[in-house]
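Step one of this worksheet: look at the structure below.
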Amino acid sequence: MEIDLSPKLAKKVYGGDGGSYFAWSPSELPMLREGNIGAAKLALEKNGFALPKYSDSAQVAYVLQGTGVVGIVLPEKEEKVLPVKKGDAIALPFGVVTWWYNKEDTEFVVLFLGDTSKAHKRGEFTDFYLNGSNGIFTGFSTEFVGRAWDLEEDVVKTLVSKQSGKGIVKVSGVNLPEPKKEHRDGMTLNCEEAPLDVDIKNGGRVVVLNTKNLPLVGEVGLGADLVRLDGSAMCSPGFSCDSALQVTYIVRGSGRVQVVGVDGKRVLETTIKAGNLFIVPRFFVVSKIADPEGLEWFSIITTPNPIFTHLAGSIGVWKALSPQVLEAAFNVDSATEKLFRSKRTSDAIFFPPPN
């Protein structure tokens, strides 16, 4: 596979006083198109309002910074208005209409990762706004809109053309619906507060998002995880053994990553930092080492209940193979095989730094 896997930063697509929308382009990150993955970020300033829209892709949203409000309308359902904060993951299936609002002084930033296999453009999200200068109803004649809404032509013109903003606007003097905590049930999971799936002292911690703790991800068709690696710790080399792609966004910190593919070829070796996005191809093996300040990342996996095979540690495949097989495979004597097997005996996928 001759394809550029280098991590990339998002670029601004549009914005104004209310905030900005950023996206990763498949022309700069070819694995987006290759893997049918879309990636974008929404950043809202105080009183920033992202107008109601739906997308051509199922997505997982992850709140990177701040607190805000999201309105969600599932097909043929009532609107739910959720308070959301840093660490929240929200599953957004096909056909969902959403709006986002920030009433706080702190910038409100949301990451969107999703499957574009049924999208208009491979590797990109296409959003359809209900309002604004690029809203769906600007394309219909006043006759059609009037008959659809049962309104006079002058009222239709006001409704369709009054909002001159595009995508994101800044609002004042408007009382948007108050969020309800009970609306969070079944719609979102806070990955920073959820029970840990993995917790290794001086190594790292993992929370996995799947159909058990957020059933709605089954409709999205994606799984996700939040990984926090302690300073100078290592994440075991491993791969997704169910043919899934792993899309990784660096939330905080920095570190080093290596990816190895077909015929033992190292296809990526680079430093990674906050804001970077990169994609590991199917069955390729990836490992990361955090810098002293630690490393945190949020990933989606293109299956709702991902399975990984690790190539180090007591749960690694090496420890499952018989000694005779290892001796023959490595072409070493039994003493060397025993030394190899005696290391990394803990049930871990994270390894603290050497003493």
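The values are calculated or read from the model by the stated rules, or taken from the named source; none is laboratory data. Remember, predicted model here, so these are calculated numbers, not experimental data. Every residue, glycine as well, gets a Cβ built from its backbone with ideal geometry; the counts of neighbours run over all protein chains shown. Note: accessible area is taken over every heavy atom of the protein model, side chains too, but ligands, DNA and RNA are not part of it. Shrake-Rupley method; radii C 1.70, N 1.55, O 1.52, S 1.80 Å.
Report whether or not Y62 is part of a strand (DSSP E or B) and over 26 Å from I136 (Cβ atoms). Please lay out each step first, then the result.
Working: part of a strand (DSSP E or B): yes; over 26 Å from I136 (Cβ atoms): yes.
Yes: the conditions hold for Y62.
Test each condition in (1) charged (D, E, K, R); (2) over 26 Å from V13 (Cα atoms); (3) surrounded by fewer than 16 Cβ atoms within 10 Å (Cβ to Cβ) for R184 and report the one that comes out false.
(3)
Exactly one of (1) touching a residue at least 40 places away in the same chain (Cβ under 8 Å); (2) open to solvent by 40 Å² or more (accessible area, probe 1.4 Å); (3) within 21 Å of A233 (Cα to Cα) is unmet by F340. Its number?
(1)
So, in segment 76-99, how many residues would count as being farther than 15 Å from E193 by Cβ, in contact with a strand residue (DSSP E or B) (Cβ under 9 Å, 6 or more places away or on another chain) and either assigned by the TED database to the domain that holds A274 or not hydrophobic (A, V, I, L, M, F, W, C) (or both)?
So the count comes out to 5.
Need the failing condition index for A91 against (1) small (G, A, S); (2) open to solvent by 10 Å² or more (accessible area, probe 1.4 Å); (3) assigned to a strand (DSSP E or B), just the number.
So the condition that A91 fails would be (2).
Within segment 188-197, can you find the residues that are touching a strand residue (DSSP E or B) at 6+ places or on another chain (Cβ under 6 Å) and either in contact (Cβ under 8 Å) with a residue 60 or more places away in the chain or not charged (D, E, K, R) (or both)?
Scanning segment 188-197 gives T188, L189, N190, C191, A194, L196.
Within segment 114-126, does at least one residue satisfy the condition of being in a strand (DSSP E or B), closer than 28 Å to N213 by Cα and of a type in the set (S, T, N, Q)?
Keep residues of segment 114-126 that are in a strand (DSSP E or B), which gives 114-115.
From what is left, the residues that are closer than 28 Å to N213 by Cα are 114-115.
Now drop any that are not of a type in the set (S, T, N, Q), which leaves none.
Within segment 114-126 (the criterion being in a strand (DSSP E or B), closer than 28 Å to N213 by Cα and of a type in the set (S, T, N, Q)), the answer is no, since none of the residues qualifies.
Yes/no per residue for (1) over 24 Å from K273 (Cα atoms); (2) part of a loop (DSSP other than H, G, I, E, B):
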{"position": "V169", "(1), (2)": "yes, no"}
{"position": "G173", "(1), (2)": "yes, yes"}
{"position": "N202", "(1), (2)": "no, yes"}
{"position": "V208", "(1), (2)": "no, no"}
{"position": "G218", "(1), (2)": "yes, no"}
{"position": "G231", "(1), (2)": "no, yes"}
{"position": "G238", "(1), (2)": "no, no"}
{"position": "V247", "(1), (2)": "no, no"}
{"position": "V251", "(1), (2)": "no, no"}
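For the structure I just gave you, tell me whether F108 is farther than 27 Å from G223 by Cα, of a type in the set (F, W, Y) and either crowded, with 21+ Cβ neighbours inside 10 Å or out of contact with any Ser or Thr (no Cβ under 8 Å at 6 or more places or on another chain) (or both). Step through it out loud before you land on a result.
Details: farther than 27 Å from G223 by Cα: no; of a type in the set (F, W, Y): yes; either crowded, with 21+ Cβ neighbours inside 10 Å or out of contact with any Ser or Thr (no Cβ under 8 Å at 6 or more places or on another chain) (or both): yes.
Against the criterion (farther than 27 Å from G223 by Cα, of a type in the set (F, W, Y) and either crowded, with 21+ Cβ neighbours inside 10 Å or out of contact with any Ser or Thr (no Cβ under 8 Å at 6 or more places or on another chain) (or both)), F108 does not qualify.
Hey, any hits in segment 263-275 for a residue that's part of a helix (DSSP H, G or I) and open to solvent by 50 Å² or more (accessible area, probe 1.4 Å)? Full working, then the answer.
Keep residues of segment 263-275 that are part of a helix (DSSP H, G or I), which gives 263-264.
Applying the additional criterion that residues be open to solvent by 50 Å² or more (accessible area, probe 1.4 Å) yields 263-264.
Yes, segment 263-275 contains at least one residue that is part of a helix (DSSP H, G or I) and open to solvent by 50 Å² or more (accessible area, probe 1.4 Å).
Enumerate the pairs (first residue in segment 258-272 and hydroxyl-bearing (S, T, Y); second residue anywhere and part of a strand (DSSP E or B) and open to solvent by 60 Å² or more (accessible area, probe 1.4 Å)) with beta-carbon separation below 7 Å, excluding pairs fewer than 6 apart on the same chain, so at least 6 apart or on different chains.
Partner pairs satisfying both residue conditions: T271/R256.
Hey, among the residues in segment 187-209 that are of a type in the set (S, T, N, Q) and closer than 30 Å to P353 by Cα, which one's least open to solvent (accessible area, probe 1.4 Å)? Before you say what the answer is, go through the steps one by one.
Step one: list which residues in segment 187-209 are of a type in the set (S, T, N, Q), which gives 188, 190, 202.
Imposing the further condition that a residue be closer than 30 Å to P353 by Cα reduces the set to 190, 202.
On the way: N190: 11, N202: 93 Å².
Filtering first and then ranking leaves N190.
Show the residue pairs meeting these rules: Cβ distance below 8 Å; 6+ apart or different chains; first residue within segment 211-237 and at positive phi; second residue outside any loop (DSSP other than H, G, I, E, B) and surrounded by fewer than 21 Cβ atoms within 10 Å (Cβ to Cβ).
S232/I289; S232/D291; S232/P292
Report yes if K80 is farther than 21 Å from V251 by Cβ, open to solvent by 30 Å² or more (accessible area, probe 1.4 Å) and modelled with pLDDT of 95 or more, otherwise no.
yes
So, of the residues in segment 172-212 that are assigned by the TED database to the domain that holds D230, over 18 Å from the mean Cα position of the chain (by Cα) and among the hydrophobic types (A, V, I, L, M, F, W, C), which turns out to be farthest from E79 (Cα to Cα)?
Checked segment 172-212; the qualifying residue farthest from E79 (Cα to Cα) is I200.
Which of the residues spanning segment 280-332 are open to solvent by 50 Å² or more (accessible area, probe 1.4 Å), aromatic (F, W, Y) and within 30 Å of K8 (Cα to Cα)?
F283, F308
What is the number of the single condition among (1) part of a strand (DSSP E or B); (2) surrounded by fewer than 18 Cβ atoms within 10 Å (Cβ to Cβ) that V69 does not meet?
Going through (1) part of a strand (DSSP E or B); (2) surrounded by fewer than 18 Cβ atoms within 10 Å (Cβ to Cβ) one by one, V69 breaks only (2).
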